[in-house]
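Values in this text are rule-based calculations from the coordinates and carry no lab data. As the structure is a computational prediction, the values presented were derived from the model and not from experiment. When we count neighbours, we look across all protein chains shown, and the Cβ atoms used for this are built from the backbone with ideal geometry, even at glycine.
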Amino acid sequence: MRVMVAGAGIGGLCLAQGLLRAGIDVRVYEREAAADSRYQGFRIGLNGAGLAALRECLPGRLHGLLEAVLGSIAGERRVVDQHLALLRQLPPADGGAAADRQVLRRLLLAGLADRVEFGRAVVGYTERADRTVVARFADGTSAVGELLVGADGVGSPVRRQLLPEAEVVTVAGNALLGRTPLTERSAALVPGFGTIVRGPGACMLLGRMQFRRPPRLAAAELAPEIDLPDIGDYLRWVVMLPGPLGPAPGAPVPGDWAGVRDRLLALIDGWHPDLVDVVRRSDVANSSPLTVRHARPVAHWGTRRVTLLGDAIHVMPPSGGQGANTALRDAALLCRSLTAAHRGEAGLPAAVEAYERRMLDYGFTAVRESLEQLPQFTPAP
Ligand SMILES: Cc1cc2nc3c(=O)[nH]c(=O)nc-3n(C[C@H](O)[C@H](O)[C@H](O)COP(=O)(O)OP(=O)(O)OC[C@H]3O[C@@H](n4cnc5c(N)ncnc54)[C@H](O)[C@@H]3O)c2cc1C
């Protein structure tokens, strides 16, 4: 059995690791030219289910390195005003760990060098009568397998063809994603799991990415064949705004981060100096505007030789901290189903259908829960 995966994101790579471990032939096709060709690095909170899925799919020899490059996210979440006065405490989150998306992705690429092809954007597919499926690429080439998994993120061309009626909604308002190198002073802003700043006209969410061990050094010691990025600790922050971050009247709108940052600095003028400092020192290469989207629920479509995983089917706002966790859960579940088919314990269509029905259920529950949590991070218009 050959499984083709469109997209080398967190979900697609986790699936590929699990399939390889089960002895299943897998090929991953990634649109980007290389692993680091665009900005990838923000902190994601992994919960118990996401971590369990990762450990299930990754080979045992990488578990130690995974633990070493995670960070702690224990403790309470505070809601404060723009002067850092405490407004309320939210209940602590259920354990878990913080991961840097870029580090995690590089770790998930370990051992897959001959399985992942970069610079190969999937543009569509053709199902054939002989129960195979042909994936078509932007460069005019194609590949054949028994199953195509669309793990190609929110804009998924695989989903657009399989479910042309599926809707992805852009959440009103405007969001900015920033990263700032961690200092002792900025670390104090996030004593626990996270801090929510509710200021006039903007809401700022702060989270800390403090690696247990520096990723590059940990890899050199624990798995020297893996080259992890040389990333230091940082503060990840998201600013939610009720509308566009407008320029001063008559002024041009600069498109680069420096321009966006300066307009944000003007908006938060008068906020606590430590918050202003976080924005002022933001890392230009790893900060950007952020579009928040969610998928509308879809019914099961009748099993084919093509299926979907992660943001490609159930993209959700980051407010619930569930998107990557759900993509990882999909990967582990699909891997288990395909392993059963590979061993002859189930037919391939039945195995895929069993995955899809469960995934649609918990995936869209996670979308709903994330949407319910969004208002606490959204400023009044
Ligand atoms: C600011 C922010 C904070 C977040 N925080 C959390 C959190 O705390 N916890 C959590 O669980 N989740 C969080 N998320 C969500 C999480 O990042 C996503 O849900 C997760 O990355 C989805 O993984 P994926 O593999 O499905 O998709 P992606 O990670 O988007 O990967 C898709 C891959 O497919 C590739 N691709 C796209 N089109 C094609 C094509 N045509 N052909 C081939 N390849 C293609 C892309 O280049 C990409 O590599 C956060 C998201 C954001 C933006």
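General observations
- Within the option set GLY155, GLY178, GLY124, being within 20 Å of the chain's Cα centre (by Cα) and free of Cβ contacts under 8 Å to residues at least 60 places away in the same chain holds for one residue only, GLY155.
- Enumeration of residues in region 48-65 that are within 16 Å of the ligand (Cβ to nearest atom) and either free of Cβ contacts under 8 Å to residues at least 24 places away in the same chain or buried (at least 21 other Cβ atoms within 10 Å of the Cβ) (or both): GLY50, ALA53, LEU54, ARG55, CYS57, LEU58
- Qualifying residue in region 188-202 (condition: surrounded by fewer than 20 Cβ atoms within 10 Å (Cβ to Cβ), without any contact (Cβ under 8 Å) to a residue 40 or more places away in the chain and of a type in the set (Gly, Ala, Ser)): no
- Scanning region 137-158 for residues being on the phi < 0 side of the Ramachandran plot and near the ligand (Cβ under 10 Å from one of its atoms) gives a total of 10.
- Test for ARG185: is it in contact (Cβ under 8 Å) with a residue 60 or more places away in the chain and either assigned to a strand (DSSP E or B) or within 22 Å of the chain's Cα centre (by Cα) (or both): no
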